[in-house]
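A.B. asks: What follows is a structure written as structure tokens; I'll ask about it next.
The values are calculated or read from the model by the stated rules, or taken from the named source; none is laboratory data. Note that the structure is predicted; figures quoted are calculated from it, not measured. Because the Cβ atoms are built from the backbone with ideal geometry, glycine has one as well, and the counts that use them run over all protein chains shown.
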Amino acid sequence: MNAQTSTHKALDFPVRVLVTKIGLDGHDRGSRIVAAYLRDAGMEVIYTPPWQEVEAVATLALQEDVDVIGLSSLATDHLIVPDLMERLREVGMGHVKVVVGGIVPESEHGLLAEAGVSRIFQPGARRDDIVDCVSQLAAQARFDADDLAEV
């Protein structure tokens, strides 16, 4: 499959994004705003209330066949993202792209990148940057999923 075919296939149906918060941080205003951005851009958004467990997020991602998971962290909840990344691989969802938004200290970006997080958005990220990035990551996730299915 060439890149043009895979890009076309990736756009055949709406991007599916799970927007959630793991851990104990209940501040969800930012995640609600980002969910609205993505919905207004034509994406299918599955939104959860805060305080989700890693297992529940991985299960929901599988059930909803999402392309991208957007996680919000305003405390230290981003430190359990590596556990989510591992669980996604265990349930066969390793192709799903994960982005983290919120307050993530620069010194902890490497931990998230090493775990497989595709992008970190700091407070003040522009709407268009978020929407464009999620769209591109969704196309890549579908391409990766197709590659896995062919193996």
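A.B. asks: From the list Gly92, Gly102, which residue is buried (at least 22 other Cβ atoms within 10 Å of the Cβ), at positive phi and under 16 Å from the mean Cα position of the chain (by Cα)? So that I can check it myself, show each step before the final result.
C.D. replies: Values: Gly92 fails: buried (at least 22 other Cβ atoms within 10 Å of the Cβ).
When all the criteria are applied, what remains is Gly102.
A.B. asks: Moving to a separate point now. Do we find a residue being in contact with a His (Cβ under 9 Å, 6 or more places away or on another chain) and outside any helix (DSSP H, G or I) anywhere in segment 110-120?
C.D. replies: Going residue by residue through segment 110-120, those that are in contact with a His (Cβ under 9 Å, 6 or more places away or on another chain) are 111-112, 117, 120.
Add one more test, that the residue is outside any helix (DSSP H, G or I), and what stays is 117, 120.
Yes, because at least one residue in segment 110-120 is in contact with a His (Cβ under 9 Å, 6 or more places away or on another chain) and outside any helix (DSSP H, G or I).
A.B. asks: Here are some residues: Val131, Val54, Val81. Which one is in contact with a helix residue (DSSP H, G or I) (Cβ under 7 Å, 6 or more places away or on another chain), hydrophobic (A, V, I, L, M, F, W, C), in contact (Cβ under 8 Å) with a residue 40 or more places away in the chain and surrounded by fewer than 21 Cβ atoms within 10 Å (Cβ to Cβ)?
C.D. replies: Working: Val54 fails: in contact (Cβ under 8 Å) with a residue 40 or more places away in the chain; Val81 fails: surrounded by fewer than 21 Cβ atoms within 10 Å (Cβ to Cβ).
The unique qualifying residue is Val131.
A.B. asks: Which residue is farthest from Lys21 (Cα to Cα), if the candidates are limited to segment 90-109 and must be in contact (Cβ under 8 Å) with a residue 24 or more places away in the chain and in a helix (DSSP H, G or I)?
C.D. replies: Within segment 90-109, the match that is farthest from Lys21 (Cα to Cα) is Glu90.
A.B. asks: Which ones in segment 32-51 are touching a helix residue (DSSP H, G or I) at 6+ places or on another chain (Cβ under 6 Å) and of a type in the set (Ser, Thr, Tyr)?
C.D. replies: Tyr37, Tyr47
A.B. asks: Would you check if Ala75 is among the small types (Gly, Ala, Ser) and more than 15 Å from Ser31 (Cα to Cα)?
C.D. replies: Working: among the small types (Gly, Ala, Ser): yes; more than 15 Å from Ser31 (Cα to Cα): no.
Criteria not met by Ala75.
A.B. asks: Of everything in segment 60-78, what is in a helix (DSSP H, G or I) and surrounded by fewer than 16 Cβ atoms within 10 Å (Cβ to Cβ)? Give them in sequence order. Quick ask: steps written out before the conclusion?
C.D. replies: Quick first cut of segment 60-78, residues in a helix (DSSP H, G or I) only: 60-64, 77-78.
Across segment 60-78, the qualifying residues are Leu62, Gln63, Glu64.
A.B. asks: Here's a follow-up. Which ones in segment 17-26 are farther than 23 Å from Met43 by Cα and surrounded by 14 or more Cβ atoms within 10 Å (Cβ to Cβ)? Before you say what the answer is, go through the steps one by one.
C.D. replies: Residues of segment 17-26 that are farther than 23 Å from Met43 by Cα, as a first pass: 23-26.
Those that are farther than 23 Å from Met43 by Cα and surrounded by 14 or more Cβ atoms within 10 Å (Cβ to Cβ): Gly23, Asp25.
A.B. asks: While we're here: For Ala3, all conditions in the list (1) surrounded by 15 or more Cβ atoms within 10 Å (Cβ to Cβ); (2) of a type in the set (Gly, Ala, Ser); (3) at pLDDT below 95 hold save one; what is the number of the exception?
C.D. replies: (1)
A.B. asks: Does segment 33-75 hold any residues that are charged (D, E, K, R) and in contact with a strand residue (DSSP E or B) (Cβ under 9 Å, 6 or more places away or on another chain), and which are they?
C.D. replies: Residues satisfying the conditions are Arg39, Glu44, Glu53, Glu64, Asp65, Asp67.
A.B. asks: Among the residues in segment 125-147, are any outside any helix (DSSP H, G or I) and modelled with pLDDT under 95?
C.D. replies: no
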